[in-house]
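The structure follows.
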Amino acid sequence: MLNVMLTGVGGQGTVLAAKVLAQAAQEKGWHVRTAETIGMAQRGGSVVSHVRMGNEGEEVQSPLIARGCADVIIAFEPAEGARMLPYLAPTGVLVTATTAVQPVTAALAKDSYRGSVVLQGLRDAFAQAPDQLVIVPDDELLERIGNRKVLNTVLLAKAIGTGRLPLDLDDLRSAIRACVKPAFVDLNLQAIG
Amino acid sequence: MAKKLLMGNEAMAHAALEAGVRVVAGYPGTPSSEIVETVAKLRAAGIAHGVHVEWSTNEKVALELLFGASLAGARGLFTCKQMGLNVASDALMSLNYVSVRGGLVLVVADDPGPISSQTEQDTRRFAAFAKVPVLDPSTPEQAFRMIQAAFDLSERFHTPVIVRPTTRVDHASAFFEVADETFARPVPEEGFERDVSKWVIFPRRAYEAHGEINERLSQVADAFSSEEPFSSFNEVVEGPEGASDDPVFGIVASGISAAYVREALQMVEERAGRAHVKIPAYRFMQVGTPYPFPAQALSRFASGLSDILVIEELDYVLEDELAQLAGRTHASFNVHGKLTGEARDRGENDVDDVVLRIEKYLGLVGRLRLHLHEQDEDARTASISYEQASELPVRPPVLCPGCPHRGAFYAVKQALLKTPAVLCGDIGCYTLGNAQPLDAVDTCLCMGAGVTMAQGLSVVDPAKKAVAYIGDSTFFASGMTGLANAAYNGHDITVMVLDNATTAMTGSQPHPGTGYTLMGDQNEPLSIEAVLLANGFSHVYHANPLDKDASIVAVKAAIAYDGPSAVIFESPCIQLIKPDEPVSIDADVCTGCKKCITEIGCPGIGFDPLREGPRSGSRGQAFIDPALCNGCDLCVQVCPFKAITFPVPDAEFADLAEDEVFEVVEAEAEESLADAEFDETNEVEESYVDEASHDDGASADSYQGEEPDLSGFDETVGVYGLEDEELFLFDDGAGEADSAESDDDAEKAVAIEECATVALDPSELEEISAAKASEPDGPQSVDQEALTRRLVLTDELNIEEDLPEEGGQDA
């Protein structure tokens, strides 16, 4: 069983990324279940997508990942990655973007929230297992690509790059062709490059 | 037949279409909305043939419409969220007595948590109350099969049937093979057949029907216990593998909890295996047909058991039924669950919790190791944890960046200032107006209750202004009867209609005010203004919520009126429009006062304590997140130092000075007046389509009066029909603290007088008059004088705000 959790702030594109992963797993012939956060939380709240894949022929029961069972957590925002750490398996990998999204509550507070503080906290948390933390400088990468909308594809490619999922970049490319609107396929494929 | 990843809701839509559904209707509500949307998409794509699909104005309307279709022999699918069934309950309770002809299936999505709802009510209970069979899926695949079974059951027993998924079934996805094309089952040639003894409910008929209902429920319970496909929804498994003893421990679960229990049992077995602990034999059953309770199947299940643990969400429905079964059959099993404190009494279940419950139940506590992956854990001394988890920023849902509701809430707060008021909220995105810093919602109950609660408050607490917010979709769903009540009983309330041209919270569904239907037709949009007028709201003002000063004036004017009044805030939801270029903050000008944040709380504005500038020193500065900002410009109007600026001027007005812009707008309005014709005989057939309702409010605003007074247009006149003191009466006697604000308001009054003009759009007046004249029993005369007022406020109304009073400089 492979459990991938995608977490971020409403509107960041976790849902499509979860679909692409599910498609990639389906093309491998694995049983797949996913679950989404839809509704009020999409308005700037924390959102989580669960992707569960029976890569050893198992049937997936629950669509939700249990605590301590996520093989990979893909965080579109560092604080959301930190928030979901209780779900990470002891050998699991956290792939996180660096760009923070500051909620209004934090802007109002005396001490504003800064992503760099959380990133340092994450580095401390993974001090004994630095290979399990992958920090993706999304600002830099997306500037080079020229479009912030491909954040999800970049993070998926990085997650696959960790080698923790028995999927390769060709599987990802194929799934993108199947899931993404034709007009955006090339843009996303370039992002993988 | 390709395999497709479908959400539970999408799968149920496919299932209904494959079952030949002819009419699909509902009202949006999370987590149910995608069912109707999927049917509409498949119809539009030419995949689903012969189906009629619609968003009805509310759930009651949808269910009654479907019942009509059923009487003509069509299969109908109704969808709503759990509270939607409350709205439709009047129809449901009675139609069950009348009985259905074409299959009638109600998908009622429950929301444990609740994640997007006001209640954790359990539709299984509602089904029992209404005496209607209910199916309770555990997975999207099962939901698919249950929809098809429900249609057959409905026609076999002439009963409506409820399918009750929960959020984790609605919004969970799996791969499905679905039909390439679907065809609605043809309606019998004769269509509706008159039968007064059958289709007309009377007390005598109701008595007979009650007996028929009791009879059929007993037959359905038998079918649930022993017939396929129902018995497959009540599947029983025994474990662990290789157990030699007969089980004495039973576990029963419902819906998604059944999936959690299956997974939890696997985990417990794995962990027991690793710890070399033998776990006792158990028997597990999912009850997928909770009402009428399949007592025979449960009796078989309970045979030989000493205990049954019930894992279910929301109410203790199965737990109650099992306790009754034990009593009725003198069985000796004990029932454990919510009532005994052995399961969560509310909220969602999850695998983690169920593992612990089962371990305890099976007497395994302390005998298994803590972690689920201990072969992995052996490699590490401690698992990875984030130390400062409590310091992570919380993210309650908020109004989107650029959301026009923000401007409306801000205007209401600014218009009221310290005037005592109760702000009655309602259901929709605008419930989020309660969040800091807007803090502009005092109550929220159910669809349409803002308008009516305000009336009760106005009766007993008249010292406070009674203000109600209502969104455009909610307005048509359940606001209108409340409006009529306000006028009829003479309640002094002010209704703020937040018209963003869509049903935003549930994913941008159209409604009567848009005129767009799921069948792809563009019908004439219903006018919110006309509805207000027809319901006796004589003082109706319009405002663009993203124009701060004009909105404040409109709110003041409406609240000043002693009687039912309204402001229609018109600006489209940001999901519907292309965003403007983001604004930016001039680091040389920003003082770090934080006013942009503390006043309107837009997610597009952050604060960086490390930013420095000549005027902010080491205080920090606000910054715009360009990925979030949609250029609504509200913050530009709020910043007291003009530190927030547009990227490029509006192209149309780029080369014009501010007063020249006013001239252009005025000229356009004059032109449109000159073009219009007047016909007092009311024979004009032109339709009233308020095309300008989402314009910036400048060029097309109008005043409808008895006699069009074209001569008045060129003159600058006061806000029509209002005495100046009416506008500002809130500050009367409000105390010393407010005196500065009163002065400020007086200044504004002068500006308003200078700038506000009143224009007239004759076609609107004619249309309303024509509509009234065509109603034989309609009002005999329309008080044209008091029909409506629209304010035309120009950019010249930029009145300087006071400098920030609090917080900023000291931050």
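The values are calculated or read from the model by the stated rules, or taken from the named source; none is laboratory data. Fair warning: this is a prediction, and the values are worked out from it, not measured in the lab. Here the Cβ is made from the backbone with ideal geometry for all residues, glycine too, and neighbour counts use every protein chain on show.
Scan (1) buried (at least 23 other Cβ atoms within 10 Å of the Cβ); (2) more than 11 Å from chain A (Cβ to nearest Cβ) for the single condition B:SER299 breaks and write down its number.
(1)
Return a yes/no flag: does the stretch B:324-333 have any residue that is touching a helix residue (DSSP H, G or I) at 6+ places or on another chain (Cβ under 8 Å), touching a residue at least 40 places away in the same chain (Cβ under 8 Å) and not in a helix (DSSP H, G or I).
Yes: one or more hits.
Hey, another quick one. Take the conditions over 24 Å from B:ASP345 (Cα atoms), at pLDDT below 95 and among the hydrophobic types (A, V, I, L, M, F, W, C) and apply them to B:ALA297. Does it pass?
Here the answer is no, as B:ALA297 does not meet what is asked.
Quick one: would you say B:VAL134 is at pLDDT 95 or above, of a type in the set (A, V, I, L, M, F, W, C) and under 27 Å from B:MET447 (Cα atoms)? Give the derivation first.
Numbers: at pLDDT 95 or above: yes; of a type in the set (A, V, I, L, M, F, W, C): yes; under 27 Å from B:MET447 (Cα atoms): yes.
So B:VAL134 passes the test.
Something else: Of all residues in the stretch A:136-157, which are in contact with a strand residue (DSSP E or B) (Cβ under 6 Å, 6 or more places away or on another chain) and either at pLDDT 95 or above or of a type in the set (A, V, I, L, M) (or both)?
Across the stretch A:136-157, the qualifying residues are A:VAL136, A:LEU155.
Taking the stretch B:96-136, which residues are more than 16 Å from B:ASN214 (Cβ to Cβ) and among the basic types (Lys, Arg)?
B:ARG101, B:ARG124, B:ARG125
Out of B:GLU193, B:GLU208, B:GLU228, B:GLU241, report the one residue that is out of contact with any helix residue (DSSP H, G or I) (no Cβ under 7 Å at 6 or more places or on another chain), surrounded by fewer than 16 Cβ atoms within 10 Å (Cβ to Cβ) and part of a helix (DSSP H, G or I).
B:GLU208
If you don't mind, there's one more thing I want to ask. Tell me, please, whether a residue that is assigned to a helix (DSSP H, G or I), within 8 Å of chain B (Cβ to nearest Cβ) and charged (D, E, K, R) can be found in the stretch A:81-98.
yes
Mind listing whichever residues of the stretch A:120-138 are at the interface with another protein chain (Cβ under 10 Å from one of its Cβ atoms), part of a loop (DSSP other than H, G, I, E, B) and not small (Gly, Ala, Ser)?
Once the filter is applied, which keeps residues that are at the interface with another protein chain (Cβ under 10 Å from one of its Cβ atoms), part of a loop (DSSP other than H, G, I, E, B) and not small (Gly, Ala, Ser), the stretch A:120-138 yields A:PHE126, A:GLN128.
Same structure again: Of the numbered conditions (1) crowded, with 24+ Cβ neighbours inside 10 Å; (2) assigned to a loop (DSSP other than H, G, I, E, B); (3) among the basic types (Lys, Arg), A:ARG52 satisfies every one except a single condition; which is it?
It is condition (2) that A:ARG52 fails.
Which numbered condition trips up A:GLY57, out of (1) closer than 22 Å to A:ARG148 by Cβ; (2) at pLDDT below 95?
Result: A:GLY57 passes all but (1).
B:ALA486 - would you say it is buried (at least 24 other Cβ atoms within 10 Å of the Cβ) and modelled with pLDDT of 95 or more?
yes
Could you tell me which numbered condition B:LEU217 fails, if it satisfies all but one of (1) surrounded by fewer than 17 Cβ atoms within 10 Å (Cβ to Cβ); (2) part of a helix (DSSP H, G or I)?
For B:LEU217, the failing item is (1).
So the check is Cβ under 9 Å with 6+ separation or different chains; which pairs have a first residue in the stretch B:456-467 that's without any contact (Cβ under 8 Å) to a residue 40 or more places away in the chain and under 14 Å from B:TYR561 (Cα atoms) and a second one that's in a loop (DSSP other than H, G, I, E, B) and not small (Gly, Ala, Ser)?
Filtered contacts from the stretch B:456-467: B:SER458/B:LYS464; B:SER458/B:HIS491; B:SER458/B:ASP492; B:PRO462/B:ASP492.
From B:PRO401, B:PRO396, which residue is facing chain A (nearest Cβ under 7 Å) and assigned to a loop (DSSP other than H, G, I, E, B)? Steps first, please.
Details: B:PRO401 fails: facing chain A (nearest Cβ under 7 Å).
Testing whether each residue is facing chain A (nearest Cβ under 7 Å) and assigned to a loop (DSSP other than H, G, I, E, B) leaves just B:PRO396.
A follow-up question, please. Of A:LEU64, A:LEU21, A:LEU6, A:LEU16, which residue is in a strand (DSSP E or B) and either more than 10 Å from chain B (Cβ to nearest Cβ) or more than 26 Å from A:VAL185 (Cβ to Cβ) (or both)? Let's see the steps before the verdict.
Details: A:LEU64 fails: in a strand (DSSP E or B); A:LEU21 fails: in a strand (DSSP E or B); A:LEU16 fails: in a strand (DSSP E or B).
Selected residue: A:LEU6, the only one of A:LEU64, A:LEU21, A:LEU6, A:LEU16 that is in a strand (DSSP E or B) and either more than 10 Å from chain B (Cβ to nearest Cβ) or more than 26 Å from A:VAL185 (Cβ to Cβ) (or both).
Mind checking which pairs have a first residue in the stretch B:127-155 that is aromatic (Phe, Trp, Tyr) and a second that is assigned to a helix (DSSP H, G or I), Cβ under 6 Å, 6 or more apart or different chains?
Pairs that qualify, where the first residue is aromatic (Phe, Trp, Tyr) and the partner is assigned to a helix (DSSP H, G or I), are B:PHE144/B:ALA11; B:PHE144/B:ALA15.
Among the residues of the stretch A:2-18, count how many are closer than 19 Å to A:LEU88 by Cα and of a type in the set (Gly, Ala, Ser).
3
Every residue in the stretch B:1-36 that is farther than 16 Å from A:GLU36 by Cβ, among the small types (Gly, Ala, Ser) and either surrounded by 24 or more Cβ atoms within 10 Å (Cβ to Cβ) or free of Cβ contacts under 8 Å to residues at least 60 places away in the same chain (or both), please.
Correct list: B:ALA13, B:ALA15, B:ALA16, B:ALA25, B:GLY26, B:GLY29.
Of the residues B:PRO280, B:PRO240, B:PRO292, which is away from chain A (no Cβ under 14 Å), farther than 29 Å from B:LYS131 by Cβ, in contact (Cβ under 8 Å) with a residue 24 or more places away in the chain and touching a Leu at 6+ places or on another chain (Cβ under 6 Å)?
Numbers: B:PRO240 fails: touching a Leu at 6+ places or on another chain (Cβ under 6 Å); B:PRO292 fails: farther than 29 Å from B:LYS131 by Cβ.
When all the criteria are applied, what remains is B:PRO280.
List the pairs whose first member sits in the stretch B:350-361 and is free of Cβ contacts under 8 Å to residues at least 60 places away in the same chain, whose second member is not in a helix (DSSP H, G or I), and whose Cβ atoms are under 6 Å apart, counting only residues at least 6 apart or on separate chains?
B:ASP352/A:ALA66; B:ASP352/A:ARG67
Looking at the stretch A:24-61 only, could you name the residues that are of a type in the set (Asp, Glu) and facing another protein chain (nearest Cβ under 7 Å)? Please lay out each step first, then the result.
Step one: of the stretch A:24-61, the residues of a type in the set (Asp, Glu) are A:27, A:36, A:56, A:58-59.
Across the stretch A:24-61, the qualifying residue is only A:GLU36.
Restricting attention to the stretch B:594-612, and to residues there that are without any contact (Cβ under 8 Å) to a residue 60 or more places away in the chain and more than 18 Å from A:ALA100 (Cβ to Cβ), which single residue is farthest from the other protein chains (Cβ to nearest Cβ)?
Among those residues, the one meeting the criterion is B:GLU612.
Among the strands (runs of 3 or more DSSP E) lying completely within the stretch B:529-612, list those that include at least 1 residues that are in contact with a helix residue (DSSP H, G or I) (Cβ under 8 Å, 6 or more places away or on another chain) and under 19 Å from A:VAL104 (Cα atoms).
Those strands (runs of 3 or more DSSP E) span B:605-608.
Working only within the stretch B:40-67, note down all residues that are free of Cβ contacts under 8 Å to residues at least 40 places away in the same chain and assigned to a helix (DSSP H, G or I).
B:LYS41, B:GLU59, B:LYS60, B:VAL61, B:ALA62, B:GLU64, B:PHE67
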